[in-house]
Amino acid sequence: MNDDELMLKSLAMGTFDDLFSDIPEELRVNMDIGKPLSEQKLIEKIKKISGQNVNMVKFLGNGIYDRYIPHLVDEIISRNEFLTSYTPYQPEISQGILNALFEYQSVISDLTEMDVTNSSMYDGFTSLGEAVRMAYRVNGKSEILIPENIYRAKYEIIKNYVYGLNVKFVEYGFNKNGLLDLDDLSSKINDSTSSIIVENPNAFGLIDENAIRVREIKKNALIITYYDPISLGILKPPGEYDSDIAIAEGQQLGIHMNMGGPLLGLFSFKKDYVHKSPGRLIGLSNDKNGNKAFVMTLQAREQHIRRAKAMSNICSNQALLAVAATAYLSILGGSGLRNIASITVNKSKKLKEKMKSIGINTVFDGINFSDNLFHFDKIDILKKKGIAGGIKLSDITYMNGITDASFFSVTEKTSNEDMDYLAESLRGF
Amino acid sequence: MYRQAHYDEDFLIDYNTGSDYLLEEENCDLPENMKRKSLKLPNLRSFDVSRHYTKLSEMNYSVDVGMYPLGSCTMKYNPKYNDYIASMETFTDVHPMDYGMNMQGSLEIMYNLQEYLKSISGMDCVTLQPSAGAHGEFTGILIVRKYFEMRNELNQRNEIIIPDSAHGTNPASASMAGFKVIEVPSDENGLIDLNALDAAVSENTAAFMITNPNTLGIFDDNILKIAEIIHKNGALLYYDGANFNAILGITTPGIMGFDIVHFNLHKTFATPHGGGGPGSGPVAVKSFLKDFLPVPVISKNEGGYFLDYNVKNTIGKVSSYYGSFAILLRAYSYILKNGNDLKKNTQKAVLNSNYMADQLRKYYTIPYKKLKKHEFVLSTENTGKRALDISKFILDYGIHSPTTYFPLIVKEAVMIEPTESSTKKEMDFYIDVMKKAAFMDSDAIKSYPINTSVGRIDEVKAARNLIMHW
């Protein structure tokens, strides 16, 4: 007898069917989803499908960026000990991942100069939704100030996240230079303002000098800053301009694009709000022998303890990708990140010069980080020339006023040849 | 004897070997007030980063090391062909905003996975967008909300009923989407108390959220009656798919009468859980709820596959883009590879669970009905020892302990889910260790674990004296 037969016998059962005698006949199904395949056949089939993806010269960005990922990052997160472990509910046997997540919290707090970072959220946009909920828990106020140029997808997700709350959105505008309009924002802040969402770089791709001045007018509202983590290699961090909550999409930190998922939500905040915060937190303590030891802490905020009254329903998060981000930032170090951020700004500058030389102008003057907005809408030409880019402003935001504007984005991987090819392809159109 | 590694490993920030990541020094012009003044990041060689994580990994237990019978978590083997497939550059390098014609391969994978999930669940339409199980629940409940909003019944239908044995995410998701949570007690068999349910259901009920089999691992054969009670009242029936590994290929939520289902791909469909995530939580609905799904769904016409935003009463978006593609891809290849053999996994998972329950019944109280599905719950109360102490003792043998103190309706609960991946030999060893634990001295057991990286941790100190940064 094989093991299965032995086990069935010890249960006094004849067949597998006896194990399902509690499932009424009328509920039984005959699943037919095909025969099993050998691994070889499987790989052949999948390769055939994947072969239909086409890789053009890319000028795509607006939240997801094709950055260079050191091989060591993938190597680390491929280690089975991390890859195939569960949430560290038993800390004594899970110190490795706990230590790694504690370091993630630390490195993101250092990057943003915020007090506390949780051990990851799903992605940037849902983190923004959670941040708005958190601000509401902190002050119970009802108005959320939101930039009028915010990506539609972000706005839709935030709306879904506050669906059950008694809140409303008030939009604030941008000046003729494409920067946050401080006067307009100021006029809309009142005693009912719960939070102000500020983006830097803003949704036009501009490094926004006014974003860091919102602290001067915020009154009692909470500032939620949405930042670009690579940009913090050179830009003033959110903690330095009095952000209460700082949110970002962490994909750029060593995570492949993968058609937009899985991603990594970076979620940091001032320490006063820790008991109102969503997500898992890793704390440092010691074991009974005095060894340094890590545990998930303040779990009473979470769904498995607090149930309906939890700060959030989040359970699985993006732990493995948080490890990737930490490894990425550690491999680069401060100088590496500063260089990559500088290269990005300089490439944007170069792209704008090249486009200007063929008569395609930017919508706004100013300093761009990765995303550059041009007066251009001839997407068909791009497709013909094998260039992926030209995301239309009116497709991804509610800014319908500027109809001919589209984005071209760069990273440190964008070569001079790519830019020359783009300019050459668009000359005369 | 098991002995887990222990290193007095420095934090990354405490190495000072100097970064060797070669990049040409570059500067850019920024206004003075925008410039960062100082940046404190780790500064070490790549080699040290590699060693650091290798050491940490040796201090981490995983399913590739040994048995991991965490109840409700379905820690099965994660086949390596899936990781290889997910690493193909033709998939990893796709930007989500690229032209549809450039991502036909990825879209085909998603479309096919939608089709598979429909067949497997007996449902009509699928969204792959939610990032995890709880996120799927939230998405499902937003669909419930929108459905009643369109029927002008939302003001009235503001309650969601949940059994007291439910996963914590259920009430949390319902509450997050703005509903009041009504808890119904289980009956003496650990099943839904039909009388209590009848009493709880009213014109205020929007939905009833359950999993079947429930968290005790017991299949509720009253499910059709339950569906009738809920539907007669005009409410919706929600299926928490965390326990799908018990029924895959045997029955479906569709045939049981459920209207909305979420899947946990990192459980049932063997995608690695990564120390806490990323997961993936697709949602399937019956056709009358099709118009409420998040956008885009993946559709197909004569031109090929496309991101379809044409969903009439969509709840909008719930994730930044289209879902966790690299996870969806692994789940797809797992289903494609196993095909109809997935049913065998279910049978084996249920056999393993019943075998362990039957053996452990000799030493522990296992309440409720004898026949279990993929998992079961025992109580350590009869041994005079706490579930906590038993679970820490088990770790010392190089095996992961089960879920403890859940579900809440069993005192000193230990929830065991061996999955189809556990062998008889592994389980016999596990049972033997559990037996030892049952007969351990009540004080002596408190000194365990000894052979793990660290001993018992002062969790109170961690919460009182919060240190969350190096």
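The values are calculated or read from the model by the stated rules, or taken from the named source; none is laboratory data. Because the structure is predicted, anything quoted here is derived from the model rather than measured. A quick note on method: Cβ atoms are made from the backbone with ideal geometry, for glycine too, and the neighbour counts reach across all protein chains shown. Just the protein is used for accessible areas: all its heavy atoms, side chains included, with ligands, DNA and RNA removed. Shrake-Rupley method; radii C 1.70, N 1.55, O 1.52, S 1.80 Å.
Below, the figures for the structure above:
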read-out: Residue within the stretch A:238-255 that is out of contact with any Asp or Glu (no Cβ under 7 Å at 6 or more places or on another chain), among the hydroxyl-bearing types (Ser, Thr, Tyr) and surrounded by fewer than 24 Cβ atoms within 10 Å (Cβ to Cβ) present; value: yes
read-out: Residue list for the stretch B:79-110, filter: hydroxyl-bearing (Ser, Thr, Tyr) and either within 7 Å of another protein chain (Cβ to nearest Cβ) or surrounded by 18 or more Cβ atoms within 10 Å (Cβ to Cβ) (or both); value: B:81, B:90, B:92, B:99, B:106
read-out: Every residue from the stretch B:128-144 that is in contact with a Lys or Arg (Cβ under 9 Å, 6 or more places away or on another chain) and outside any loop (DSSP other than H, G, I, E, B); value: B:133, B:144
read-out: Filtered residues of the stretch A:284-304 (kept if more than 7 Å from chain B (Cβ to nearest Cβ) and either under 30 Å from residue B:30 (Cβ atoms) or surrounded by fewer than 24 Cβ atoms within 10 Å (Cβ to Cβ) (or both)); value: A:290, A:292, A:296, A:299, A:300, A:301, A:302
read-out: Residue in the stretch B:431-442 that is part of a loop (DSSP other than H, G, I, E, B) and within 14 Å of chain A (Cβ to nearest Cβ) present; value: no
read-out: Residue A:332, sole failed condition from (1) of a type in the set (A, V, I, L, M); (2) in contact with a Phe, Trp or Tyr (Cβ under 9 Å, 6 or more places away or on another chain); (3) more than 7 Å from chain B (Cβ to nearest Cβ); value: (3)
read-out: Pick from the stretch B:259-283, criterion touching a Leu at 6+ places or on another chain (Cβ under 6 Å) and more than 22 Å from residue A:75 (Cα to Cα), ranking: surrounded by the most Cβ atoms within 10 Å (Cβ to Cβ); value: B:280
read-out: Subset of the stretch A:100-121 [open to solvent by 10 Å² or more (accessible area, probe 1.4 Å) and either part of a loop (DSSP other than H, G, I, E, B) or in contact (Cβ under 8 Å) with a residue 24 or more places away in the chain (or both)]; value: A:113, A:114, A:115
read-out: The stretch A:320-339, residues that are out of contact with any helix residue (DSSP H, G or I) (no Cβ under 6 Å at 6 or more places or on another chain) and of a type in the set (A, V, I, L, M); value: A:321, A:325, A:332
read-out: Output for the stretch A:340-366, where each listed residue is of a type outside the set (Ser, Thr, Tyr) and in contact with a helix residue (DSSP H, G or I) (Cβ under 7 Å, 6 or more places away or on another chain); value: A:340, A:341, A:350, A:351, A:354, A:355, A:358, A:360
read-out: Residue list for the stretch B:401-438, restricted to those being of a type in the set (Lys, Arg), under 30 Å from residue B:342 (Cα atoms) and open to solvent by 50 Å² or more (accessible area, probe 1.4 Å); value: B:425
read-out: Identity of the residue in the stretch A:305-320, more than 16 Å from residue A:88 (Cβ to Cβ) and within 19 Å of the chain's Cα centre (by Cα), that ends up farthest from the other protein chains (Cβ to nearest Cβ); value: A:312
read-out: Members of the stretch B:138-177 found to be open to solvent by 10 Å² or more (accessible area, probe 1.4 Å), touching a helix residue (DSSP H, G or I) at 6+ places or on another chain (Cβ under 7 Å) and either more than 30 Å from residue B:404 (Cβ to Cβ) or not assigned by TED's automatic domain parsing to the domain that holds residue B:201 (or both), listed by number; value: B:146, B:147, B:154, B:157
read-out: Residue that is farthest from the other protein chains (Cβ to nearest Cβ) [pool: residues in the stretch A:39-90 that are open to solvent by less than 60 Å² (accessible area, probe 1.4 Å) and among the hydroxyl-bearing types (Ser, Thr, Tyr)]; value: A:65
read-out: Failed criterion for residue B:122 (all others in (1) open to solvent by 20 Å² or more (accessible area, probe 1.4 Å); (2) out of contact with any Gly (no Cβ under 9 Å at 6 or more places or on another chain) hold); value: (2)
read-out: Enumeration of residues in the stretch A:153-166 that are more than 9 Å from chain B (Cβ to nearest Cβ) and farther than 15 Å from residue A:128 by Cα; value: A:166
read-out: Tally of residues being assigned to a loop (DSSP other than H, G, I, E, B) and surrounded by 11 or more Cβ atoms within 10 Å (Cβ to Cβ) across the stretch B:1-22; value: 15
read-out: Condition broken by residue A:23, with the remaining ones in (1) within 7 Å of chain B (Cβ to nearest Cβ); (2) farther than 30 Å from residue B:251 by Cα satisfied; value: (2)
read-out: Residue under evaluation residue B:354, criteria (1) in a loop (DSSP other than H, G, I, E, B); (2) within 30 Å of residue B:418 (Cα to Cα), criterion not met; value: (1)
read-out: Subset of the stretch A:7-32 (residues that are aliphatic (A, V, I, L, M) and loosely packed, with under 12 Cβ neighbours inside 10 Å); value: A:12
read-out: Top-ranked residue of the stretch A:172-210 - restricted to ones that are surrounded by 16 or more Cβ atoms within 10 Å (Cβ to Cβ) and of a type in the set (Asp, Glu), ranked as farthest from the other protein chains (Cβ to nearest Cβ); value: A:181
read-out: Leading residue by the ranking (surrounded by the fewest Cβ atoms within 10 Å (Cβ to Cβ)) among those in the stretch B:293-327 that are among the charged types (D, E, K, R) and assigned to a loop (DSSP other than H, G, I, E, B); value: B:302
read-out: Count of residues meeting criterion [among the acidic types (Asp, Glu) and not in a helix (DSSP H, G or I)] in the stretch B:379-430; value: 4
read-out: In the stretch B:439-455, the residues that are touching a residue at least 40 places away in the same chain (Cβ under 8 Å), open to solvent by less than 40 Å² (accessible area, probe 1.4 Å) and within 30 Å of the chain's Cα centre (by Cα); value: B:449, B:451, B:452, B:453, B:454
read-out: Considering residues of the stretch A:211-226 that are touching a Leu at 6+ places or on another chain (Cβ under 8 Å) and part of a strand (DSSP E or B) only, the residue most open to solvent (accessible area, probe 1.4 Å); value: A:226
read-out: Residues of the stretch B:23-63 satisfying the condition of being part of a loop (DSSP other than H, G, I, E, B), open to solvent by less than 60 Å² (accessible area, probe 1.4 Å) and in contact with an Asp or Glu (Cβ under 7 Å, 6 or more places away or on another chain); value: B:31, B:41, B:62
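Each row is one residue, and each column tells you yes or no for (1) within 9 Å of chain A (Cβ to nearest Cβ); (2) touching a residue at least 60 places away in the same chain (Cβ under 8 Å).
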site: B:341; (1), (2): yes, no
site: B:348; (1), (2): yes, yes
site: B:382; (1), (2): no, no
site: B:416; (1), (2): no, yes
site: B:425; (1), (2): yes, no
